[in-house]
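The values are calculated or read from the model by the stated rules, or taken from the named source; none is laboratory data. Note that the structure is predicted; figures quoted are calculated from it, not measured. All Cβ positions, glycine included, derive from the backbone under ideal geometry; neighbour counts span all protein chains shown.
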Amino acid sequence: MIASKKGEASFSPEALREKYRLEREKRLRADGNAQYRDLSGLYADFDKDPYVEPGFTRPALTEQIDVLVVGGGFGGMLAAVRLRQAGVHSFRIIEKGGDFGGTWYWNRYPGAACDVESYIYMPLLEETGYIPTEKYAKAPEIFAHCQRIGRQFDLYKAALFQTQVEQMDWDENTRRWNVTSSRGDKLAARFVVIAGGIMHKAKLPGIPGIETFKGHSFHTSRWDYGYTGGGPTSPMTRLADKRVGIIGTGATAVQAIPHLGASAKQVYVFQRTPSGVGVRANQPTDEAWAKSLKPGWQEERIRNFTALVSGLQADVDLVRDGWTYLFDASETRRAKSPEEAAEIHQMANYRKMEEVRARVASIVKDPVTAESLKPYYDPLCKRPCFHDEYLNTFNRPNVQLVDTDGKGVERITPTGVVVNGKEYEVDCLVYASGFEVTGDYTRKLGFDIRGRGGKSLRDAWANGPSTFHGMTSRGYPNLLMISLIQSSWAINFVHILSEQARHAAYLIEQSLKRGVEALEPTEQAQEQWWATIMASLQQGGHAFGGAECTPGYINNEGAKPDLSLIRSAGFAGGTLGFIDILRKWRDGGELSGLELTRGGNNP
Ligand code: NDP
């Protein structure tokens, strides 16, 4: 038995290892990612945008532009901002939603808030002069910040909202991408930046009978306030006489459930795997602190956080929250070998999850419910959550946890939800079932890209992607991708997005300045980049979160990655390591590794 740090409890690492293994096995299923349904066909109604007036029309455009940015979330907006700052003004932004914001346009569910500190998560704070009102800002404030960026950098006039790309073809004669859209637009763009988001495709659980449900239902990223009444920060008054079921207990559900509990007559929470929920301790922004900030503060704070959550050392922890506590790697530094470091790290993980479980027991009064809410896996197997009202909500008489013990909901009927043979009748069913994260990049895009010689990116990448820095790919000139593919990942995801956006804008700016009409990586540059990724993996990084984990999007639902997924692996030498590679490459100023075709020699 090992005493926990606070000396409150002790645990047996062997017993926990075995418990974690059993919990994982319970949840492994042969259908992996295939268990989910996307929002098309039978389920297309789930994908309707509830935030726009129906019936929007506009004339189709035929335009020649320097750049087309696909996606109006943070990635696309940041690329567009950097383009403006570089003096590139001939661009369009195509966005499926009715406004900027991406995630923050779609996710308006009650209680939505950023779970990474707003001072580092919300971009361009110094440039816009805005200071968030809270340490963890709520969704409406973040959405308003997206609109602020749109106004300040004059992005609205470039935006084509409620529009989706349908097809992209590279034209070798004009050295442009010919892009058609769902609104009949025909755009001939020298460059295309794809900033499609990693969680833009909502998914439904493939539970038998979904389509037979006769009550009201929606996905959390299309919250229907018309039905529930209220708004993201006001009580959902129309639920007062309603029985509501919510399927899923991930990061979204953790934020939404306290609000459902406060508004609905009865709430059933259908749980397959509990989230680990740590202390949030949100607080209003200290005005004196805000006034004391010196120029450059945001970049410094962002880098400090990313360093700490990458296990690096820093003199100070500027953010000091649940994330930096969870990733604190100081104990492992006393290890004398990598094996010892791994052992110390695992012990720390057990201890931290013991603390999370102890928190459940101390808040949730009913012991059976409390036991069901305890997560048995390592901290990063699922997105760690932080919330100060979630657990308490299960003490309300109108909220019932329906634990499926890892099996998931059995069936949906016209009137309710069946678990262990028992039907729970509901008027409204909310799917907090998440988004497609792993899976085929080209399929998730929703449109095909035909590059040189008409070759579809889908076919070219059938056995996995080939890229340079994860941003360009041979055979697809002037196509710049902001994605997870062969690039990097960060807890503060906007950090990596903003660096990729900067890189894309640099490539475009330099090409336009140097009279380059087409750029693409050499075969050799792609091979070298892949070798760099492989070397980073061999040096102790890992491509896929926990093979030992309970299934989830972090480990490809527990399924062995196929060749295509393996080739999507990112640089494992840390977020800052990846950012430094991009920066040094730009500082070199030679555009090395790229094949450049200059103007004037059109065939
Ligand atoms: P998740 O994919 O994390 O959660 C989906 C939930 O649905 C899981 O609890 C899953 O269970 C459950 N589920 C799936 N199928 C079934 C079934 N058949 N029966 C019962 N339950 C089922 O999606 P979220 O929307 O919660 O979060 C997605 C990501 O979005 C987060 O990981 C995070 O990165 C981001 N996010 C960020 C926030 C922020 O504040 N910045 C807030 C919210 C989300 P199981 O775990 O067993 O698979």
Answer residue from region 220-243, given it is buried (at least 17 other Cβ atoms within 10 Å of the Cβ) and closer than 30 Å to LEU380 by Cα and is nearest to the chain's Cα centre (by Cα) among those: SER221
Residue count, region 25-67 (criterion: of a type in the set (D, E, K, R), in contact with a Gly (Cβ under 7 Å, 6 or more places away or on another chain) and within 16 Å of the ligand (Cβ to nearest atom)): 3
Every residue from region 315-368 that is β-branched (Val, Ile, Thr), surrounded by 14 or more Cβ atoms within 10 Å (Cβ to Cβ) and free of Cβ contacts under 8 Å to residues at least 40 places away in the same chain: THR324, THR332, ILE344, ILE363, VAL364
Tabulated pairs, region 182-208, first closer than 13 Å to GLY73 by Cα and assigned to a loop (DSSP other than H, G, I, E, B), second of a type in the set (Lys, Arg) and within 16 Å of the ligand (Cβ to nearest atom), C-beta under 8 angstrom, 6+ apart or interchain: GLY196/LYS444; HIS200/LYS444
Residues of region 115-132 classified as without any contact (Cβ under 8 Å) to a residue 60 or more places away in the chain and within 20 Å of GLU287 (Cβ to Cβ), total: 4
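State whether the residues of region 155-162 include one that is assigned by TED's automatic domain parsing to the domain that holds ASP66, part of a helix (DSSP H, G or I) and either farther than 29 Å from LEU187 by Cβ or within 16 Å of the ligand (Cβ to nearest atom) (or both). If you could, list the steps in order and put the result at the bottom.
Step one: of region 155-162, the residues assigned by TED's automatic domain parsing to the domain that holds ASP66 are 155-162.
Right, trim to part of a helix (DSSP H, G or I) and you get 156-158.
Still in the running and either farther than 29 Å from LEU187 by Cβ or within 16 Å of the ligand (Cβ to nearest atom) (or both): none.
There is no residue in region 155-162 that is assigned by TED's automatic domain parsing to the domain that holds ASP66, part of a helix (DSSP H, G or I) and either farther than 29 Å from LEU187 by Cβ or within 16 Å of the ligand (Cβ to nearest atom) (or both).
Within region 431-549, which helices (runs of 4 or more DSSP H) (wholly inside it) include 1 or more residues that are over 19 Å from the mean Cα position of the chain (by Cα)?
Details: elements: 441-445, 457-460, 493-514, 523-538.
Counting at least 1 such residues, we get 457-460, 493-514, 523-538.
Just checking, how many residues over region 409-454 are among the basic types (Lys, Arg), without any contact (Cβ under 8 Å) to a residue 24 or more places away in the chain and under 21 Å from GLN164 (Cα atoms)? Please lay out each step first, then the result.
Filtering region 409-454 down to residues among the basic types (Lys, Arg) leaves 411, 422, 443-444, 450, 452.
Okay, now just the ones that are also without any contact (Cβ under 8 Å) to a residue 24 or more places away in the chain, so 422, 443.
Add one more test, that the residue is under 21 Å from GLN164 (Cα atoms), and what stays is 443.
The total comes to 1.
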Residues (among the hydrophobic types (A, V, I, L, M, F, W, C), within 25 Å of ASP388 (Cα to Cα) and out of contact with any Cys (no Cβ under 6 Å at 6 or more places or on another chain)) located in region 201-257: TRP223, MET236, LEU239, ALA240, ILE246, ILE247, ALA253, ALA256, ILE257
Residues satisfying the stated conditions in region 3-18, i.e. loosely packed, with under 14 Cβ neighbours inside 10 Å and either modelled with pLDDT of 60 or more or more than 35 Å from the chain's Cα centre (by Cα) (or both): ALA3, GLY7, GLU8, SER10, SER12, GLU14, ALA15, ARG17, GLU18
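Given the criterion closer than 26 Å to ALA432 by Cβ and crowded, with 21+ Cβ neighbours inside 10 Å, identify the matching residue among GLY101, GLY41, GLY32.
Values: GLY41 fails: crowded, with 21+ Cβ neighbours inside 10 Å; GLY32 fails: crowded, with 21+ Cβ neighbours inside 10 Å.
Among GLY101, GLY41, GLY32, only GLY101 is closer than 26 Å to ALA432 by Cβ and crowded, with 21+ Cβ neighbours inside 10 Å.
Can you tell me which residue within region 475-526, out of those that are on the phi > 0 side of the Ramachandran plot and out of contact with any strand residue (DSSP E or B) (no Cβ under 6 Å at 6 or more places or on another chain), is nearest to the ligand (Cβ to nearest atom)? Even if it seems obvious, please write down each step before you answer.
Here is the first cut: in region 475-526, the residues on the phi > 0 side of the Ramachandran plot are 475, 478, 486, 515.
Right, trim to out of contact with any strand residue (DSSP E or B) (no Cβ under 6 Å at 6 or more places or on another chain) and you get 475, 486.
On the way: GLY475: 32, GLN486: 20 Å.
In this case the residue turns out to be GLN486.
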